[in-house]
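The values are calculated or read from the model by the stated rules, or taken from the named source; none is laboratory data. Being a predicted model, the structure only gives us computed values, none of them experimental. Counting neighbours? That spans all protein chains shown, and the Cβs are built from the backbone with ideal geometry, glycine included. Just so you know, the surface numbers come from the protein's heavy atoms only, side chains and all, with ligands and any DNA or RNA stripped out. Shrake-Rupley method; radii C 1.70, N 1.55, O 1.52, S 1.80 Å.
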Amino acid sequence: MITQEQYKDLAERALQLGRYLDIEAKKIELEEEDLRTQAPGFWDDPKTAEQQMKKVKALRFWINGYEELQSLVSEVELSLEFYRDEMVSEEEVDAAYSKALDALEKLELKNMLRADEDSMDCVLKINSGAGGTESQDWASMLMRMYLRYAEAHNYKVRIANLQDGDEAGIKTCTMEIEGDMAYGYLKSENGVHRLVRVSPFNAQGKRMTSFASVFVTPLVDDTIEVTVDPSKISWDTFRSSGAGGQNVNKVETGVRLRYQYTDPDTGEEEEIIIENTETRKQLENRNNAMRLLRSQLYDRELKRRQAAQAKIEAGKKKIEWGSQIRSYVFDDRRVKDHRTGFQTADVNGVMDGKLDGFIKAYLMSNEEFS
């Protein structure tokens, strides 16, 4: 059973979090912001109204979350008193403590996500690396892993683009993931993921290494201002592959957007290519591709700001994008994150989407959040 010291530590952590969040000030702010939503003509400007509603929702989240935490901590204190009077069992005390600790850790973790973009939905793209069928199969395993993660966290997922592999797996997949702090959590997945296993595609049963890259960007909406130069856009159309019936296979509904991007700092030019096969209507796919382009441009501007901030604050840990971040060694029953040192032997759990341990370790290891 938990000790009195464990309870005191729990209560103190909750108290410190409440002070940091300044819940009382947030309650006053909520009253003021909520009054603005009741003003006549509030919805005359939908974009401004939507921003205001997001602000109100965020304030309510912290207030309700902290009040729920306080209630759970009080239940632990009460259960300890009842145990002394032999009214509850040790198991019931431990269960109350576990529930309160879980709520505290989740609130502490969300408190680390303070950047504006952390609250956004995200675009997650997986590309198979060199290695043919083996890498393409690995890319499809990662796609399943993120789909399971999204399902467990009640996130909505839309497949914006999917290209099947030559024999098995996938070459590339682009997913739009919508939900609470989706980008804030999944930005930790940016980078190269390495698989080591005995390949089922190798007749000699050799141990093989495969790579796949994962790119995560914030999914911007109409309330985010992003400048797109129409003169730098060109379009191609193509027939979508895979399931979908005659319309998908015989009509050029798939679109390929090409955007000539110029780095504002170096002047270097780069072609951004976005493919979208999400629907059977070319116009809708064009609109979806434009939304994904705006998300990429927003992400690039975000990284420029982060790089500039890193130069100013030399003591901060530099965020590495595109480096090898994690190894999945199947026959050794080990998944290890090279940035944080966090590892687990629960390979099956990880491949079923249990990524919270890796995400928490990443957020806690970055001085950006301290």
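Where the second residue is assigned to a helix (DSSP H, G or I) and the first is over 19 Å from GLY205 (Cβ atoms) and lies in the range 125-146, which pairs have Cβ atoms under 6 Å and are six or more apart or on separate chains?
From residues that are over 19 Å from GLY205 (Cβ atoms), the pairs are ILE126/ALA139; ILE126/LEU142; ILE126/MET143; SER128/SER135; SER128/GLN136; SER128/ALA139; GLY129/SER135; MET145/MET351.
Is it true that SER327 is within 25 Å of ARG194 (Cα to Cα), touching a strand residue (DSSP E or B) at 6+ places or on another chain (Cβ under 9 Å) and modelled with pLDDT of 90 or more?
Considered against the rule, which asks whether it is within 25 Å of ARG194 (Cα to Cα), touching a strand residue (DSSP E or B) at 6+ places or on another chain (Cβ under 9 Å) and modelled with pLDDT of 90 or more, SER327 comes out as yes.
Of the numbered conditions (1) open to solvent by less than 90 Å² (accessible area, probe 1.4 Å); (2) under 21 Å from GLU105 (Cα atoms); (3) not aliphatic (A, V, I, L, M), GLU33 satisfies every one except a single condition; which is it?
For GLU33, the exception is condition (2).
For SER140, state whether it is at pLDDT 95 or above and either more than 14 Å from the chain's Cα centre (by Cα) or buried (at least 17 other Cβ atoms within 10 Å of the Cβ) (or both).
Yes; evaluated as a whole, the condition is true for this residue.
Looking at GLU117, GLU178, GLU86, which one is of a type in the set (Asp, Glu) and on the phi > 0 side of the Ramachandran plot?
Of GLU117, GLU178, GLU86, the one residue that is of a type in the set (Asp, Glu) and on the phi > 0 side of the Ramachandran plot is GLU86.
Within the range 57-105, take every residue that is more than 21 Å from ARG19 (Cβ to Cβ) and aliphatic (A, V, I, L, M) and give me the one that is most open to solvent (accessible area, probe 1.4 Å).
Filtering the range 57-105 for residues that are more than 21 Å from ARG19 (Cβ to Cβ) and aliphatic (A, V, I, L, M), the one most open to solvent (accessible area, probe 1.4 Å) comes out as MET87.
Restricting the range 280-295 to residues that are open to solvent by 30 Å² or more (accessible area, probe 1.4 Å) and touching a residue at least 12 places away in the same chain (Cβ under 8 Å), which is farthest from SER234 (Cα to Cα)?
It comes out as ARG280.
Please state which one of GLY353, GLY341, GLY267 is modelled with pLDDT under 90, in a loop (DSSP other than H, G, I, E, B) and open to solvent by less than 60 Å² (accessible area, probe 1.4 Å).
GLY267
For the range 154-170, which residues satisfy the criterion of being of a type outside the set (A, V, I, L, M) and free of Cβ contacts under 8 Å to residues at least 60 places away in the same chain?
ASN154, TYR155, LYS156, GLY165, ASP166, GLU167, GLY169
With the checklist (1) surrounded by 14 or more Cβ atoms within 10 Å (Cβ to Cβ); (2) within 21 Å of the chain's Cα centre (by Cα); (3) in a loop (DSSP other than H, G, I, E, B); (4) at pLDDT below 85 in hand, flag the one item LYS316 doesn't pass.
(2)
Of everything in the range 221-255, what is assigned to a loop (DSSP other than H, G, I, E, B), among the aliphatic types (A, V, I, L, M) and either at pLDDT 90 or above or open to solvent by less than 70 Å² (accessible area, probe 1.4 Å) (or both)? Give them in sequence order.
Passing the criteria: ILE224, VAL226, VAL228, VAL251.
Tally the residues that are within 30 Å of ALA100 (Cα to Cα) and β-branched (Val, Ile, Thr), restricting the search to the range 12-68.
4
Considering each residue of the range 324-338, count those that are surrounded by 19 or more Cβ atoms within 10 Å (Cβ to Cβ) and either on the phi > 0 side of the Ramachandran plot or among the aliphatic types (A, V, I, L, M) (or both), and give that number.
Of the residues in that region, 2 qualify.
Can you confirm whether the range 6-18 contains a residue that is at negative phi, surrounded by 11 or more Cβ atoms within 10 Å (Cβ to Cβ), hydroxyl-bearing (Ser, Thr, Tyr) and touching a residue at least 40 places away in the same chain (Cβ under 8 Å)?
Yes, because at least one residue in the range 6-18 is at negative phi, surrounded by 11 or more Cβ atoms within 10 Å (Cβ to Cβ), hydroxyl-bearing (Ser, Thr, Tyr) and touching a residue at least 40 places away in the same chain (Cβ under 8 Å).
Within the range 99-142, count every residue that is assigned to a loop (DSSP other than H, G, I, E, B) and closer than 21 Å to MET181 by Cβ.
5
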